[in-house]
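Structure record follows, encoded as structure tokens.
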Amino acid sequence: MTSVPPELNEFYRSSIQPYLISWFRYTPAQEIRRLTVPVLIVQGTTDIQVSVREAQDLKRAKPDAELKIIEGMNHVLKAVPLDPEQQNASYSDPTLPVVPELVEGISQFIHSSRIRRESNQSLHRNVSS
């Protein structure tokens, strides 16, 4: 692209176009389907960049994934309403904490994944004996 409208230059300037173009070859649903590790899909209901529907599409592509929808969480993992001004401000406000439910959800996922892995390893040892 040779010219970018001034209001979009920050997002589509020529210096980052190769990076953006490199991502166009990937289809998230196809990529997630190929994973063989436990998968946690986390989505906020006030994310203005990625919709809940897109997270649900990923879950459909990877039925054994865990989907956690967090009410009121935006794209930068903070509790922010859909108000455009508050959304924009949240992207550069380091004083806003990460949503506690996110931290708890990740912790539970890691813990349950570890327990499943250990259980599978124990089962494998018993079968091999």
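Here are a few things to note about the model shown:
- Flag: ALA55 matches the condition of being under 16 Å from the mean Cα position of the chain (by Cα) and assigned to a helix (DSSP H, G or I).
- Among the residues of the range 96-106, those that are farther than 12 Å from GLY44 by Cα and either in a loop (DSSP other than H, G, I, E, B) or not assigned by TED's automatic domain parsing to the domain that holds VAL39 (or both) comprise LEU96, PRO97.
- Once the range 1-47 is narrowed to residues that are touching a Ser or Thr at 6+ places or on another chain (Cβ under 9 Å) and of a type in the set (Val, Ile, Thr), the residue that is surrounded by the most Cβ atoms within 10 Å (Cβ to Cβ) is VAL4.
- Inside the range 61-78, residues that are part of a loop (DSSP other than H, G, I, E, B) and either within 13 Å of THR46 (Cα to Cα) or in contact (Cβ under 8 Å) with a residue 24 or more places away in the chain (or both) make up a count of 9.
- A search for C-beta distances below 8 Å between a residue of the range 20-40 that is without any contact (Cβ under 8 Å) to a residue 40 or more places away in the chain and any residue that is of a type outside the set (Lys, Arg) and exposed (fewer than 10 other Cβ atoms within 10 Å of the Cβ), counting only pairs 6+ apart in sequence or on different chains, returns VAL39/ASP64.
- Qualifying residue in the range 79-95 (condition: in a helix (DSSP H, G or I), exposed (fewer than 10 other Cβ atoms within 10 Å of the Cβ) and not β-branched (Val, Ile, Thr)): yes
- Note on the range 29-57: among residues that are touching a helix residue (DSSP H, G or I) at 6+ places or on another chain (Cβ under 8 Å) and β-branched (Val, Ile, Thr), the one that is farthest from LEU77 (Cα to Cα) is ILE32.
- For the range 33-52, a residue qualifies if it is under 11 Å from the mean Cα position of the chain (by Cα) and of a type in the set (Ser, Thr, Tyr), and exactly one does: SER51.
- Here VAL42 does not qualify as among the hydrophobic types (A, V, I, L, M, F, W, C) and assigned to a loop (DSSP other than H, G, I, E, B).
- Matching residues, the range 69-102, being β-branched (Val, Ile, Thr) and more than 21 Å from LEU58 (Cα to Cα): VAL80, THR95, VAL98, VAL99
The values are calculated or read from the model by the stated rules, or taken from the named source; none is laboratory data. Since the structure is predicted, the reported quantities are computational estimates derived from the model, not experimental observations. Counting neighbours? That spans all protein chains shown, and the Cβs are built from the backbone with ideal geometry, glycine included.
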